[in-house]
Amino acid sequence: MLKVINVVGARPNFMKVAPVVEAMRGRPAEFSPAVVHTGQHYDERMSDAFFRDLGLPTPDVHLGVGSGSHAQQTAAVMQRFEPVVLEQRPDWVLVVGDVNSTLACALVCSKLGTPVAHVEAGLRSRDRTMPEEINRLLTDQLSDLLLTPSEDADRNLISEGIPPERVRLVGNVMIDSLLKHLTLAERSEARERFAVAGSAYAVVTLHRPSNVDDPEALRRILRALARVSRHLPVVFPVHPRTRRNIEEFGLGREEELRGDIRLTEPLGYLDFLRLYSGARLVLTDSGGIQEETTALGIPCLTLRENTERPVTVELGTNRVVGTDEERIVSEAEAALQRTSDGGPPRVPPLWDGRAAERILDALLERTRALRPDGF
Ligand code: UD1
């Protein structure tokens, strides 16, 4: 039996780990899963709400690291995670995505000789000013099993010299969560709460430091959103980093930024799924939302200069439009004019709701290769 520590830290981790833990619990003869929460995200709305909505078990260990500079946060996770690995002696530590907790835990394990499996390996924006790109590059170098969501990720890893036997295409585990919860989310009243049920509306999320930490960039984007809201109401669940900056920069007081933008606290998983799944258009700088909108066939404009998820542009509904005010407005207007062909969305291969099972199979297979004498 394989003892696996599954690490979560920040909001985008929860929907990737939940299906894996559930699948492991369904195969008790083969897997003994534990969940460690680093506490990188800690607000009720950034963390606890997701555990409830996704049916994630209460973490076996909570490291309680909280916020801080990159160095502080990464170091705090490392210091607190090391004794957990030493005490629990897992066969594998499974990390997901590209947040600081992902890299911190992978680094701890690589020094202790504990095998690391990285879910969502191989994505590259080629933009090293993004903290996530550094986290991705280094986590992949340290991992013993690289579980990729799409073929572009495999190509990136091989071109970086990662031995092919470590790489396994398993598909997109976040889509396991999405498909599982789509019907359940119909019970949410999120559309009614923002008075958009049955009508056309847009949904916005913004939290990248490059967009929200610079007053001019944030003002420019908010001005564009106010202009888009002349065409349809815009619902905007605001990340704590973004809210703090809107307040600090005094942008809430500026008349031209107002428009019909319906601001709200961050939403839980089911409420947010209910909201974006009915949207006419999504504007975002999130990585995960580019994938979720592709899976559902909802037009998405990515307010960044690049994406580490090119398959959402090549096959899906995503367009990378940058952060120029005129470009955002004209792309949004063009997207609103385009009508869907009514056919099912073009979804990348293996984004089929069964990635978690493939992850478990890959873990077993890789263990057999690493320990031919049995385990
Ligand atoms: C982190 C991830 C990013 C991910 C994002 C999703 C890194 C480098 N960044 O960015 O990849 O897309 O999460 O949300 O790991 N805060 C709260 N409550 C919380 C958490 C944070 O108020 O529960 C506030 C704090 O003021 C904190 C700030 O938000 O300083 C930023 O949080 P942090 O975890 O440092 O980065 P994110 O911007 O959330």
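Laboratory data are not the source of any read-out in this text; all were calculated from the coordinates shown. Owing to the predicted nature of the structure, the values given are computational and were not obtained by experimental measurement. Every residue, glycine among them, receives a Cβ derived from its backbone with ideal geometry; neighbour counts consider all protein chains shown.
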Cross-link reach list, lysines versus Lys3, counting only Cα pairs under 24 Å and skipping chain neighbours closer than eight places:
Lys16, Lys111
Cα lying deepest toward the dipole's positive end in the stretch 232-339, options Phe272, Gly316, Pro240, charges on Cβ
Phe272
Could you tell me the distance between the Cα centroids of the stretch 126-153 and the stretch 1-54, to the nearest Å?
20
Around Arg223, what is the net charge, scoring Lys/Arg as +1 and Asp/Glu as -1 over all other residues with Cβ under 9 Å from its Cβ?
0
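In terms of the Cα gyration tensor, with a ≥ b ≥ c the square roots of its eigenvalues, is the stretch 134-287 rounded because a/c is under 1.5, prolate because a/b exceeds b/c, or oblate?
Numbers: a/c = 2.82, a/b = 1.56, b/c = 1.81.
Oblate.
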Highest-fluctuation residue, Leu184, Leu283, Leu142 considered, GNM on the chain with Cα pairs under 10 Å
Leu184
Roughly what % of Cα-Cα distances in the stretch 263-317 sit above 17 Å, to the whole percent?
33
Which of Gln88, Gln73, Gln290 ends up with the largest GNM mean-square fluctuation for the chain, with Cα atoms connected below 10 Å?
Gln88
Distance in nm between label sites at Arg346 and Asp214, each 7 Å beyond Cα in the beta-carbon direction?
3.3
Determine the gain in length on full extension of the stretch Arg371-Ser330; use 0.36 nm per residue of separation and subtract their C-alpha separation, reporting nm with one decimal.
9.1 nm
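What is the dipole size for the stretch 1-126, taken about its Cα centre, with +1 at each Lys and Arg Cβ and -1 at each Asp and Glu Cβ, in debye to the nearest 20? Let's see the in-between values first.
Details: 12 positive and 12 negative charges, 55 e Å.
About 260 debye.
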Across Pro28, Pro115, Pro90, the residue with the highest GNM fluctuation in the chain (Cα network, 10 Å cutoff) is Pro28
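Give me the number: length gained by fully extending Arg338 to Asp361, i.e. 0.36 nm times residue separation minus the C-alpha to C-alpha distance, one decimal in nm. Kindly include the intermediate steps, with their values, before the conclusion.
Numbers: separation 23, 0.36 × 23 = 8.28 nm, distance 4.17 nm.
Contour length minus Cα-Cα distance gives 4.1 nm.
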Give the order of Lys16, Lys3, Lys180 when sorted by the count of other beta carbons within 10 angstrom, beginning with the fewest.
Lys3, Lys180, Lys16
Under a plain spin-label model, where a point goes 7 Å from the Cα along Cα-to-Cβ, how far apart in nm are Glu189 and His70?
4.4
Counting only C-alpha contacts under 8 Å and six or more residues apart, can you give the relative contact order of the chain as a whole percent?
16
If the chain between Ser159 and Met1 were fully extended at 0.36 nm per residue, the gain over the current Cα-Cα distance would be 53.5 nm
Sorted by Cβ neighbour density within 10 Å, fewest at the top, the residues Val4, Val347:
Val347, Val4
